[in-house]
Amino acid sequence: MQDKNQRHPSVRSADSAVIKAVEHQAALEREAAQKEAAARVNPNRVNPDQQHANAQRPAPAARPVNQRPGAPVQRQAQPANKQQLPAMHYSSQNLNTRMPVPHRPAQTPSMVRPVSGNMPARVEAPRHLATVDASNRKLDTVMEERPYEDEQDEGLVVANSENAEFDDSEDEAEVEKKAAKARKPKQKKERKNRYLPYLIILFFEIIFAAAALWAIDTYNVDTDLIVRDNTIEAGTTANVDMYIQGQPKFPEYVSCNLDFSTINYNIPQTIRFTVRMYGTNFPCVLEIVDTTPPTAEAVPHSMYSVDAIPPVEECVINIYDLNETTLEWLEVPDISAGGNIIAKAVVTDSSGNQTIVEVPFTVTKDSEAPVIEGTKNLEAFIGDTIRYREEVTVADDIDPNPVLEIDTSNVDLKTAGTYDVIYRAKDFSGNVSEVTIKLKLTKKPKTYVEPEKVYAEANKVLKKIIKPNMTDMEKALQITYWVRYNINYVGNADNSSWTRAAYDGLTKRSGNCYNFAMAAKALFDAAGIENMIINRDPYIYHPHYWNYILIDGQWYHCDSTPRIKYNSYFFMYTTKELKNFWHNGWNGYNFKESKYPASATKSVQSKINYSGHSVKK
């Protein structure tokens, strides 16, 4: 059995003109129905067109034999007026034998009989179509002008038999829909034209909304680049780039109300300002902080355990910080025990940053007392000026200037007698040494000469023998030479006092060894040359005296007393040279060396011209 939608192979698709004719006929019938309805409402009114159409309408055709029982009888569509398409009749010569015949939807193409060559001259059209006269050439002309549609065209059915009719109730609905669609295109076009301004407005609103969203997104992204707070160390610098982390899309709309070049970056402070971006002010803060401690250098010290701690400013130098600083001992060091001690000083700046500076101290603990030398028992006359310090020296292993105190509290200078005199030396560490001597006071002899008178006579001699620009060595040589060859030796002399012996030697030009030594002493004193008197000790027959002078920091022996059969003198002999001198089988220069400063060890005899009493250049 063939498919109901399959066309019979002998049926060709209807011409589109037939479809158009059917649609037009349906439209005419609807218009006629409207007029009839209007006539029923007003029966007295007669429509001329209706009257004319009724006169022209033929008698209803007999019901087809193959009409379905109970199907409603439909009226054949007739032209509404004279201008309507007249009834068309197809002649057998002009009718295409392959034209499809409308059929009921329920009929399959197999139920439609193909049109044979003996087709009658008149063909009954469906009830909704007007009778087509085959002799009418107008329709033929229309049909000939349009080609047949493809067999797959919608709305066409294949007739199943030669005289079959079909139910067109559904076709009328389709025709109605198509007619309605034919009336709506203009209205739709008008509606489309009416919404066009709204569409344009909507388009621009979408553009504006997109632009606004882009602007908002740009604003949010760029303003998120702003850093509100920055902290820097004092001494460094800042700029506005520190507050923009990234590159905004429109940097020309970014500004700042702070001139960073005017800031004093050395002072810790908080600076508030604003960064303006895209018309909005953003408050920002710049914190300048000082977290760097000061720098300083320690000064090493060498001290003694009894010294006072120096000021801290002398122990720490080269202090550097951007701000004001204070310096103090973290703890005052105790150096009394001596040794290597590390003292700590603290440097604090105005921000509270501290630096501890370790100051090394090398502390020497002094435990040795000074040594007192040159002390001897003294003899003096009542009323004389006693020179307690004469020829006395003090030395210490550490203290270069130990203090020498002479305690004469037991001495009564107005009463003859022997008294204890205490020499007490003390170094800076507090170490003390003492030496006690005896002072013998006697009544002054009637022949006593005051020292001032002696020195006056000595200056008279010096004016004759001393020349300007002479060295101490040259002066000492001239003094020794003058005493040797200007005072005569005698066995008996007044030796009651050194002043008497010196005065007699300078004025009487005679005396023994004591007079020679004391006259030379007066001249050395007047010339400013430090000197001492050494006496022979021990001696067997006679004592002997000579001079001990200090030249260029060295002690030398000088003896101007003449010797038997020795026409010369001793000048600047070392102790070794003096003790090695033998004449007439004996030396005679024995003395207690420990009581005197040590002599020089290097000889200067090669520099002395004894015959010419001069120093060789």
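Data for the structure
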read-out: Residue within segment 292-312 that is under 31 Å from the mean Cα position of the chain (by Cα), under 30 Å from T274 (Cβ atoms) and crowded, with 18+ Cβ neighbours inside 10 Å present; value: no
read-out: Identity of the residue in segment 280-291, under 30 Å from W214 (Cβ atoms) and open to solvent by less than 50 Å² (accessible area, probe 1.4 Å), that ends up farthest from the chain's Cα centre (by Cα); value: T280
read-out: Hits in segment 558-569 - residues which are surrounded by 23 or more Cβ atoms within 10 Å (Cβ to Cβ) and either under 60 Å from the mean Cα position of the chain (by Cα) or outside any loop (DSSP other than H, G, I, E, B) (or both); value: C558, D559
read-out: Given (1) hydrophobic (A, V, I, L, M, F, W, C); (2) open to solvent by 40 Å² or more (accessible area, probe 1.4 Å); (3) touching a Phe, Trp or Tyr at 6+ places or on another chain (Cβ under 6 Å), index of the condition I372 fails; value: (2)
read-out: Residue within segment 208-219 that is within 30 Å of V289 (Cα to Cα), surrounded by 12 or more Cβ atoms within 10 Å (Cβ to Cβ) and at pLDDT 90 or above present; value: no
read-out: Flag for D525 being modelled with pLDDT under 95, open to solvent by 30 Å² or more (accessible area, probe 1.4 Å) and in contact with a helix residue (DSSP H, G or I) (Cβ under 9 Å, 6 or more places away or on another chain); value: no
read-out: Residue match in segment 259-278 (condition: farther than 30 Å from K344 by Cβ, outside any strand (DSSP E or B), among the charged types (D, E, K, R) and out of contact with any Asp or Glu (no Cβ under 7 Å at 6 or more places or on another chain)); value: yes
read-out: Single unsatisfied condition, G235 versus (1) open to solvent by 40 Å² or more (accessible area, probe 1.4 Å); (2) out of contact with any Leu (no Cβ under 8 Å at 6 or more places or on another chain); value: (2)
read-out: Counted residues, segment 581-617 - those being touching a residue at least 40 places away in the same chain (Cβ under 8 Å) and either open to solvent by less than 40 Å² (accessible area, probe 1.4 Å) or more than 19 Å from L477 (Cα to Cα) (or both); value: 14
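The values are calculated or read from the model by the stated rules, or taken from the named source; none is laboratory data. The structure displayed is predicted, hence computed values, not measured ones. All Cβ positions, even for glycine, are placed from backbone atoms using ideal geometry, and neighbour counts span all protein chains on display. When the accessible area is computed, the model is the full protein with side chains, heavy atoms only, and any ligands, DNA or RNA have been set aside. Shrake-Rupley method; radii C 1.70, N 1.55, O 1.52, S 1.80 Å.
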